[in-house]
Amino acid sequence: MKTFHGGVHPHGHKDATAEKPIVTLAPPKELIFPLSQHIGAPAVPCVQAGDAVLMGQKIAEAGGFVSATLHSSVSGTVKGIEKRMHPNGTLTDCIIIENDGLDTPIPEVSLPERDFRKLSPKECIDLVQEAGIVGMGGAGFPTHVKLSPPPEATIDYVIVNGAECEPYLTSDYRVMLENSQELLTGLAIMMHIFDLSVGYIAIEDNKPKAIEAMKKAAAEFSGAEIRIVPLKTKYPQGSEKQLINAVTGRKLKPGALPWQAGCIVSNIDTVASIARAVVKHQPVIRRIVTLGGDAMKNPLNYSVRIGTPFSYIVEQSGGFAQPPKKFLMGGPMMGLALSSLDVPTIKSSSAILALSESSAKFEEESPCVRCAKCLYVCPMNLQPNLLDKAARNNDFEALEKLHISDCIECGSCAYICPAKRRQVQQIRVVKGKLRNAKAKGN
Amino acid sequence: MEEKWIVSHPPHVATKDNLSRIMLHVVIALLPAVLAGCLVFGLRALIVTLTCVISCVVFEALWQKLLKKPVTVSDLSAVVTGILLACNLPVSIPLWMAVIGSFFAIIVVKQFFGGLGHNFMNPALGARAFLLASWALAMTSFPAPGTSLPLFGSVDAVSAATPLALYAENAEQLPTYLNLFLGNIGGCIGETSALAILIGGIYLLITKVIRLRVPVCFLATVALGTWIFGGHEGWFTGDWLYQLLSGGLMLGAFFMATDYTTTPFTPKGQIYFGIGCGIITVLIRLWGGYPEGTSYAILLMNIVTPLIDKATAPRRYGTKFGKEVA
Ligand code: SF4
Ligand code: SF4
């Protein structure tokens with residue numbers, strides 16, 4: 001079975017939601033669209049307070065090439081542009097839209113479906129850009145940028161990342177089971193862009209049903225050869241570098257980007273969005289969100305309009321089973337802890353998890369006993385115990401020598417540490433300090 | 001915000017494994033060796049072990065109380081040190097000496113250097129070396145198996161030669177492999193029975209507390225070295241199996257050369273460490289003044305551990321030759 005070196009095996013916690021079909025959640029009265037839901041420059045609003053908007057209408061233009069457009073996920077009226085809380089805990093500019101409850105769509109969606117094979121690669125990428133697609137696995141990197149590597153790149157692998165190695169998350173799994181056609185079409189479009197005849201979908205072997213379903217769908221899919229690659233279940237199998245290594249045997253050099261190894265990797269929901277954008281004229285206005293965690297009363301998979309507040313989603317699902325102590329956006333290994341539920345669903349919100357006191361609590365840190373477990377599991381071959389120490393001492397020189405920039409913040413080290421050291425916290429904090437120091441130096 | 005939620009950096013989950021669980025595994029793994037000690041040498045072995053364990057725990061707690069630090073004896077590391085120290089003592093040792101040894105292990109070797117995770121020498125071995133230097137006679141009198149000994153009182157010197165001493169003298173009558181394997185021989189409390197130590201070692205391997213690298217490299221080096229150079233009839237005639245089963249080698253290889261804090265943490269470093277321990281053990285056993293060299297070998301390698309770690313830092317991901325791409 002294909003895999004990578006290192007990694008950990010956290011408890012999956014997927015049973016609660018894995019076999020629950022995706023439920024479509026009706027949008028709330030008010031939706032919030034942060035101008036920055038992606039890596040890169042914030043989007044620039046192209047509507048004003050009082051404007052009427054249709055479902056799928058563009059409300060903000062990309063603020064540059066590395067940026068993404070925004071679309072209204074409902075029809076209604078623009079209430080204004082205000083500072084609201086972003087899931088990352090900061091106040092940011094958001095477009096507020098009042099839902100008229102009619103879901104009147106933009107006229108384009110009733111146009112006949114496009115045949116992507118008649119489009120040039122450039123046209124496909126432009127459609128992706130227009131649709132505001134970003135990496136929906138969590139990173140939020142604009143997809144059209146990913147699909148536009150420099151001309152010297154030779155891409156020979158397009159890989160759909162179906163690893164979904166984070167505990168609790170089952171949204172990608174459900175898409176594979178329920179929406180395999182869209183997924184395959186999306187992949188075929190990416191293959192078309194790079195003129196490839198073979199495409200890959202990598203799935204962890206703890207999802208035999210998804211492997212089965214995708215194999216069947218791929219066999220019946222006409223016009224493109226799509227290979228399903230089962231991978232060993234291990235975290236962080238879905239990390240780009242580790243996935244590329246497992247599927248192709250290639251290892252990215254330090255600091256290298258996937259295209260430099262001839263690879264383009266995309267997340268499941270992202271690829272499905274590509275199909276919807278190119279074939280069905282639909283921009284990104286919804287995403288699949290897993291609701292889970294031991295404090296959630298009814299864990300399930302929702303199809304949610306972008307802009308829907310988390311508090312509304314949780315309330316609609318039935319609230320809590322026990323008092324929540326910690327909220328996460330995304331999975332427990334790399335997800336973001338929330339300070340408020342009054343934040344909107346953004347394009348990269350893969351899950352909302354509510355943890356009870358017992359699972360949110362950490363044991364106290366003890367001194368490092370040099371057991372080396374962190375070093376065995378680090379997928380980037382780093383020495384997390386030394387990084388931890390150097391970070392606490394603000395020893396920037398040592399941190400560079402220990403290659404802190406290689407750290408993908410996967411959390412494997414802190415997960416495994418018997419002394420309960422919070423290496424990743426130290427690494428993240430000191431990375432910020434390093435950035436600041438560099439900025440000052442320039 | 002109505003309620004106080006925990007906002008922290010990821011990851012938000014962790015293994016259940018913690019230090020006290022790991023130490024508990026080590027304690028469990030040491031029980032067969034202690035039991036074997038009791039069977040071979042009688043109940044006094046248990047008394048010595050308890051003395052060491054209790055004094056180690058008490059010294060650690062007192063020290064931490066005195067310095068107003070949080071008392072961490074519940075991590076069980078002092079218990080492990082106590083058992084290991086006892087395993088490295090002859091059963092006839094006066095109990096007050098065991099207490100002093102415990103003091104040295106916990107206070108001098110461990111706490112003076114910053115406590116758990118910061119000591120550079122194995123506390124039990126450091127204490128053994130200290131006791132050996134101070135009371136050589138008491139530390140080298142090994143009662144023969146089955147001698148009846150007073151439980152608490154002092155023991156008259158009733159010394160039996162250890163298997164290694166016998167081998168070094170090229171004695172006529174050597175213990176059989178079976179007796180060596182079972183531990184029916186003279187020696188320290190926890191080191192005589194290879195069988196009991198192997199059971200504990202396998203338990204540690206299964207529970208993933210230790211990895212095979214160090215014990216295998218250590219034992220293989222000693223076997224090779226003593227086979228080549230250890231014979232009385234010239235090269236390649238050494239009785240390597242006898243050497244493996246004698247003295248503190250098994251105990252050292254599985255329980256002391258695998259100590260986290262005082263041995264290298266890089267995989268390559270662990271290999272060098274094991275080989276280094278093996279080489280020094282062979283040197284001392286064959287050409288040194290002592291018939292036994294395991295503990296000095298490990299202590300010496302403890303000292304160079306930081307250097308080994310520096311020299312064997314893992315290679316950065318994506319920089320191995322072979323599979324990289326432009
Ligand atoms: S050091 Fe970074 S890359 Fe390595 S395990 Fe820790 S978080 Fe992951
Ligand atoms: S896992 Fe924790 S205790 Fe072990 S070496 Fe790493 S930081 Fe130290």
### Message
Suppose the filter is surrounded by 19 or more Cβ atoms within 10 Å (Cβ to Cβ) and outside the structural domain of B:Ser193 (by TED's automatic domain parsing); does B:Thr305 pass it?
### Response
yes
### Message
Given the criterion without any contact (Cβ under 8 Å) to a residue 12 or more places away in the chain and more than 9 Å from chain A (Cβ to nearest Cβ), identify the matching residue among B:Leu244, B:Leu307.
### Response
B:Leu307
### Query
Restricting attention to region A:3-19, which residues are among the acidic types (Asp, Glu) and either more than 23 Å from A:Val175 (Cβ to Cβ) or not in a loop (DSSP other than H, G, I, E, B) (or both)?
A:Asp15
### Task
May I ask you to say which residue of B:Val91, B:Val48, B:Val80 is of a type in the set (Val, Ile, Thr), within 14 Å of chain A (Cβ to nearest Cβ), buried (at least 22 other Cβ atoms within 10 Å of the Cβ) and under 21 Å from the mean Cα position of the chain (by Cα)?
B:Val80
### Task
Output the residue which, of all residues in region B:1-38 that are more than 9 Å from chain A (Cβ to nearest Cβ) and without any contact (Cβ under 8 Å) to a residue 24 or more places away in the chain, is least open to solvent (accessible area, probe 1.4 Å).
B:Cys38
### Unique residue being within 9 Å of another protein chain (Cβ to nearest Cβ), more than 17 Å from the chain's Cα centre (by Cα) and at negative phi when the list is A:Pro332, A:Pro324
A:Pro324
### Message
Of the residues A:Pro151, A:Pro167, only one is open to solvent by 20 Å² or more (accessible area, probe 1.4 Å) and either part of a loop (DSSP other than H, G, I, E, B) or hydrophobic (A, V, I, L, M, F, W, C) (or both); which?
### Response
A:Pro151
## Note on the structure
When region B:116-143 is checked residue by residue, the ones that are in contact (Cβ under 8 Å) with a residue 24 or more places away in the chain, surrounded by fewer than 22 Cβ atoms within 10 Å (Cβ to Cβ), in contact with a Ser or Thr (Cβ under 8 Å, 6 or more places away or on another chain) and of a type outside the set (S, T, N, Q) are B:Leu116, B:Gly117, B:His118, B:Phe120, B:Ala129, B:Ala138
### Task
Consider A:Asp269 carefully, then state whether it is more than 17 Å from A:His86 (Cβ to Cβ), crowded, with 23+ Cβ neighbours inside 10 Å and of a type in the set (Asp, Glu).
yes
### Tally, over region A:346-379, of residues that are part of a loop (DSSP other than H, G, I, E, B), more than 14 Å from ligand 2 (Cβ to nearest atom) and not assigned by TED's automatic domain parsing to the domain that holds A:Thr90
2
### Message
Return the residues of region A:344-386 that are within 16 Å of ligand 1 (Cβ to nearest atom) and under 28 Å from A:Asp172 (Cα atoms); say none if nothing qualifies.
### Response
A:Val377, A:Cys378, A:Pro379, A:Met380
### Task
Might you let me know whether region B:205-219 holds any residue that is outside any helix (DSSP H, G or I), touching a helix residue (DSSP H, G or I) at 6+ places or on another chain (Cβ under 6 Å) and not β-branched (Val, Ile, Thr)?
no
### Query
Within the bounds of region A:99-109, is there any residue that is of a type outside the set (Asp, Glu), assigned by TED's automatic domain parsing to the domain that holds A:Ile306 and under 28 Å from A:Ser340 (Cα atoms)?
yes
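Yes or no, residue by residue, for (1) within 15 Å of the chain's Cα centre (by Cα); (2) within 16 Å of ligand 1 (Cβ to nearest atom); (3) modelled with pLDDT of 95 or more; (4) of a type in the set (Gly, Ala, Ser):
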residue	(1), (2), (3), (4)
B:Asp259	yes, no, yes, no
B:Ile275	no, no, yes, no
B:Ile279	no, no, yes, no
B:Arg285	no, no, no, no
B:Gly289	no, no, no, yes
B:Ala326	no, no, no, yes
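Quick grid of which residues meet (1) over 20 Å from the mean Cα position of the chain (by Cα); (2) not aromatic (Phe, Trp, Tyr):
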site: B:Tyr203; (1), (2): no, no
site: B:Val214; (1), (2): no, yes
site: B:Gly231; (1), (2): yes, yes
site: B:Trp240; (1), (2): yes, no
### Task
Would you check which residues across region B:254-302 are more than 16 Å from ligand 2 (Cβ to nearest atom), open to solvent by 30 Å² or more (accessible area, probe 1.4 Å), under 26 Å from B:Gly115 (Cβ atoms) and not hydrophobic (A, V, I, L, M, F, W, C) and list them?
B:Tyr296
### Task
Considering only region A:76-92, state which residues are outside any strand (DSSP E or B) and either surrounded by 22 or more Cβ atoms within 10 Å (Cβ to Cβ) or acidic (Asp, Glu) (or both).
A:Pro87
### Query
Which residues, counting only those in region A:102-138, are open to solvent by 20 Å² or more (accessible area, probe 1.4 Å), outside any loop (DSSP other than H, G, I, E, B) and of a type in the set (Val, Ile, Thr)?
A:Val109, A:Ile125
### Message
Testing B:Gly247 on (1) modelled with pLDDT under 95; (2) over 14 Å from the mean Cα position of the chain (by Cα); (3) open to solvent by 10 Å² or more (accessible area, probe 1.4 Å), one condition comes back false. Which one is that?
### Response
(2)
### Condition broken by B:Ile228, with the remaining ones in (1) under 24 Å from B:Ile308 (Cβ atoms); (2) of a type in the set (Val, Ile, Thr); (3) in a helix (DSSP H, G or I) satisfied
(1)
### Query
Filtering region A:391-407 down to residues that are closer than 27 Å to B:Asn18 by Cβ and surrounded by fewer than 18 Cβ atoms within 10 Å (Cβ to Cβ), which residue is farthest from ligand 2 (Cβ to nearest atom)?
A:Asn393
### Task
Can you tell me which residue within region A:408-442, out of those that are aliphatic (A, V, I, L, M) and touching a residue at least 60 places away in the same chain (Cβ under 8 Å), is farthest from ligand 2 (Cβ to nearest atom)?
A:Ile408
### Query
Do you know which residues across region B:223-239 are under 17 Å from B:Ala165 (Cα atoms) and in contact with a Leu (Cβ under 8 Å, 6 or more places away or on another chain)?
B:Thr226, B:Phe229, B:Gly230
### Message
Within region B:233-318, considering only helices (runs of 4 or more DSSP H) that don't extend past its boundaries, which have at least 3 residues that are over 11 Å from B:Val222 (Cα atoms) and acidic (Asp, Glu)?
### Response
none
### Query
Pick from A:Leu382, A:Leu341: which is within 16 Å of ligand 2 (Cβ to nearest atom), in a loop (DSSP other than H, G, I, E, B) and free of Cβ contacts under 8 Å to residues at least 40 places away in the same chain?
A:Leu382
### Query
Just wondering, is there one or more residues in region A:366-379 that are polar (S, T, N, Q), within 12 Å of another protein chain (Cβ to nearest Cβ), open to solvent by 20 Å² or more (accessible area, probe 1.4 Å) and under 30 Å from A:Pro324 (Cα atoms)?
yes
### Task
Consider A:Arg421 carefully, then state whether it is open to solvent by 10 Å² or more (accessible area, probe 1.4 Å), within 20 Å of A:Tyr235 (Cα to Cα), among the charged types (D, E, K, R) and at pLDDT 95 or above.
yes
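The values are calculated or read from the model by the stated rules, or taken from the named source; none is laboratory data. Keep in mind that this is a model prediction, so the values were computed, not measured. Positions of Cβ are generated from backbone atoms using ideal geometry, with glycine treated the same way; all protein chains shown enter the neighbour counts. Protein only, heavy atoms only, side chains kept; ligands, DNA and RNA dropped before computing areas. Shrake-Rupley method; radii C 1.70, N 1.55, O 1.52, S 1.80 Å.
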